[in-house]
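Read through the structure below, which is laid out as C-alpha cells, and then see the notes.
Just so it is clear, none of the values below were taken in a lab; they were calculated from the coordinates. Keep in mind the model is a prediction, meaning the values are calculated, not measured. FYI the Cβ positions are ideal-geometry reconstructions off the backbone, even for glycines, and counts take in every protein chain you see.
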Amino acid sequence: DAKTTQPTSMDCAEGRAANLPCNHSTISGNEYVYWYRQIHSQGPQYIIHGLKNNETNEMASLIITEDRKSSTLILPHATLRDTAVYYCIVRPTGGGNKLTFGTGTQLKVEL
Amino acid sequence: DAGVIQSPRHEVTEMGQEVTLRCKPISGHNSLFWYRQTMMRGLELLIYFNNNVPIDDSGMPEDRFSAKMPNASFSTLKIQPSEPRDSAVYFCASAVFGSNQPQHFGDGTRLSIL
C-alpha cells in the first residue's frame, strides 16, 4: 500500500476553512484516498474518500491533484468540535482490505 | 441505524486473568477488523475476517491473543493470560467486502491490566 505523509499538527481559527494536506506520491492507479478523524477517546470516524475526482459531502471536501500524488481535505467552516487527529489513508479498491493508519495531523481549532 | 457495538466499554483486571472483548458488526457488513491503539504504537490492525473467515492475523502480537467470528453478527478477541502491556484501547470495525465503502468503527474498549 502507498505511504502517506501529513504534517504533524495544524491550527485553525474557528469559522475559517481548515485545509489539511496529504502527500501520497507512490499511490497506484487502483488505490483510493480515505480520510478519517479521531476525536479524543472515540473511534475513528469516516469523513470522505475518492479515487481521482474531487468529492464533497456534508462534512468536507476532498481535492485530489490531477497526478493523484497529493490531496487536501477541506473543512469549510471549522468549529471547536472539529479538533481531532485527521488520518489520510490510501487503500486498494475492493472491500475487505485493511486500513494502515499513520500518525495523522492533529488539528486544533481555536477561538 | 445501529453502528458497530463493542462491549465492555471499559475493563480493568489483574494480570494473568482472561479478558474477552466483544463486537457486533453493522448488519449486512461481512468484513470485520480488530485494531489496538496505544500511545507508543498508534492505531494498528490485529486481525481481520471476511465472511467469518480470518484472512490476516499477522498483527496479532502473540499466542496469548486469539480472535473468533462464529457468525456474521458476533466476534470476540480474547487475551489469555493478560499482561500489563496489553493495556490499550481496542477497536472493532466492519465493512462490506468487495465494496469501496468505508470501514465503520465502534467506540472501543478501554482495557487496563493491573
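In the condition set (1) within 14 Å of chain A (Cβ to nearest Cβ); (2) in contact with a helix residue (DSSP H, G or I) (Cβ under 7 Å, 6 or more places away or on another chain), B:G59 is compliant with all but (2). Residue check: B:H10 meets all listed conditions (1) loosely packed, with under 14 Cβ neighbours inside 10 Å; (2) out of contact with any strand residue (DSSP E or B) (no Cβ under 7 Å at 6 or more places or on another chain); (3) within 14 Å of chain A (Cβ to nearest Cβ) but one, namely (2).
Is there a residue being in contact with a Leu (Cβ under 8 Å, 6 or more places away or on another chain) and not in a strand (DSSP E or B) anywhere in segment B:31-49? No: zero hits.
If you check A:V85 against the conditions, is it in contact with a strand residue (DSSP E or B) (Cβ under 6 Å, 6 or more places away or on another chain) and under 19 Å from B:Q103 (Cβ atoms)? Taking the combined requirement at face value, the residue satisfies it.
Let's see how each residue does on (1) in a strand (DSSP E or B); (2) in contact with a Ser or Thr (Cβ under 7 Å, 6 or more places away or on another chain):
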residue	(1), (2)
B:A67	yes, yes
B:P70	yes, no
B:T76	yes, yes
B:P81	no, no
B:F91	yes, no
B:F97	no, yes
B:D107	no, no
